[in-house]
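Student: Can you read through this structure? Questions will come right after.
The values are calculated or read from the model by the stated rules, or taken from the named source; none is laboratory data. Source: prediction; values computed, not measured. Note that each Cβ is placed from the backbone with ideal geometry, even for glycine, and that neighbours are counted across all protein chains shown. To get the accessible areas, we keep the full protein, side chains included, count just its heavy atoms, and leave off ligands, DNA and RNA. Shrake-Rupley method; radii C 1.70, N 1.55, O 1.52, S 1.80 Å.
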Amino acid sequence: MKDFDAAFAEASPGTRFRARIPFGQTASGLPLGIPIVGLRGRQDGPCLWINGQVHGDEINGILAAFDFINGLDPAALRGSVVLSTTANPLALDARTKKTTLDDEDLDQAFPGRADGFATERMAAALFRPIAAHADVTVNMHSHGTRYDSAPYAVYKLHPKAAVAEAALLRLTAHFHPMATCRMSVTPGQGELPGNIAGALDYQLLEHGRAAFMIELGGGGRAEPAFIDQAVRGFRSLAADLGLLSDAAVDLPATLRRVTARGHVTADRGGFARQAAAIGTVAAAGTPLLRLCDAYGEALAPICLPRDVFILGLRRDPVVHTGDRLAYVAREWDEVRIS
């Protein structure tokens, strides 16, 4: 199969192509590469790049991208659509979040290093063609397999980026998310540990490319309603970019913009059950989850002293001290989409 550079350059107008982005081989000599599906439109235009999966247990985005791209006629396309189906095939095959060879998080490794660890090499191999070709990149994620969620968006602001916050909010709005979250890359902000600035979307912003994340439900499973929602979002986005003439732009009037969020963790081990609904505001003192200990005796329910908007809740009932129980927004507002 051709490398991406050759396949993209040689694709005739109005055609579909397959390719791979190679990044090495296993000890037994099996080639390692990122599979690519591309459509070259009959007319010139922008390039929409969908990155179907960064973490190996986050599946909904791949399936939504397949359904979207398989429903396109390249002859009716103005521009290009490219799908990197799995940015981390090593993690996908193992059904783990991180790369199995070095236990690193791909979404904290961009723009990568061609002579680095396995994860850095994958990042470098993928980043180069996206930064060279993509006008807009949708980086697909989901919550992990232990959690339930509903679709929401994430964007970051880069001090050198030419892409304004209002433009990023409009791009995310095509997916009708329950919220669009502005994520800080500053360490110690309470969202995630590690190198948040190493995310694909943040590094693309530094290169002047519009990019954002869609968190498409829960991990490790296919959720048909959320997959369909993402397909509609892709079509609306493609229409807004001028790629499609047979699709309508579908934007909400306003978005819930989250400006502060974080995890709720367990102080004690035991068994948790959901007591609130995702996508709703839980008033101060309202139980998010109810817990019992290893003897079946009820523990204090998980409540917070302020109103929060629920982005995700644990679905795996077995919890240890320090486990994530919920993901909540603490500050939000409504912004108009223009």
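Student: I'd like to know if the range 135-145 contains one or more residues that are buried (at least 22 other Cβ atoms within 10 Å of the Cβ) and within 19 Å of residue 31 (Cβ to Cβ).
Tutor: Looking through the range 135-145, none of the residues is buried (at least 22 other Cβ atoms within 10 Å of the Cβ) and within 19 Å of residue 31 (Cβ to Cβ).
Student: Looking only at the range 328-338, which residues are assigned to a strand (DSSP E or B) and surrounded by 12 or more Cβ atoms within 10 Å (Cβ to Cβ)?
Tutor: 328, 329, 330, 331, 332, 335
Student: Could you tell me which numbered condition residue 222 fails, if it satisfies all but one of (1) surrounded by fewer than 22 Cβ atoms within 10 Å (Cβ to Cβ); (2) modelled with pLDDT under 95; (3) under 20 Å from residue 150 (Cβ atoms)?
Tutor: Evaluating residue 222 over (1) surrounded by fewer than 22 Cβ atoms within 10 Å (Cβ to Cβ); (2) modelled with pLDDT under 95; (3) under 20 Å from residue 150 (Cβ atoms) leaves (2) as the failure.
Student: For the list (1) in contact with a helix residue (DSSP H, G or I) (Cβ under 8 Å, 6 or more places away or on another chain); (2) surrounded by 14 or more Cβ atoms within 10 Å (Cβ to Cβ); (3) not in a strand (DSSP E or B), I need the number of the one condition that residue 286 fails.
Tutor: (1)
Student: Pairs only if they're at least six apart or on different chains, beta carbon under 9 angstrom, first in the range 16-43 and in contact (Cβ under 8 Å) with a residue 12 or more places away in the chain and more than 28 Å from residue 101 (Cα to Cα), second basic (Lys, Arg) and buried (at least 19 other Cβ atoms within 10 Å of the Cβ); list them, first residue then second.
Tutor: Sorted first by the residue in the range 16-43, then by its partner, the pairs are 16/40; 17/40.
Student: Could I ask something else about it? Just for the range 295-327: of the residues that are in contact (Cβ under 8 Å) with a residue 40 or more places away in the chain and surrounded by fewer than 14 Cβ atoms within 10 Å (Cβ to Cβ), which one is farthest from residue 269 (Cα to Cα)?
Tutor: 316
Student: Between a residue in the range 231-244 that is more than 13 Å from residue 66 (Cα to Cα) and of a type in the set (A, V, I, L, M, F, W, C) and any residue that is part of a helix (DSSP H, G or I) and open to solvent by less than 10 Å² (accessible area, probe 1.4 Å), which pairs come within a Cβ distance under 6 Å, given they are 6 or more apart or on different chains?
Tutor: Between residues of the range 231-244 that are more than 13 Å from residue 66 (Cα to Cα) and of a type in the set (A, V, I, L, M, F, W, C) and residues that are part of a helix (DSSP H, G or I) and open to solvent by less than 10 Å² (accessible area, probe 1.4 Å), the close pairs are 244/238.
Student: What strands (runs of 3 or more DSSP E), lying completely within the range 105-157, carry at least 2 residues that are in contact (Cβ under 8 Å) with a residue 60 or more places away in the chain, more than 15 Å from residue 311 (Cβ to Cβ) and under 15 Å from the mean Cα position of the chain (by Cα)?
Tutor: Passing ranges, in order: 136-141.
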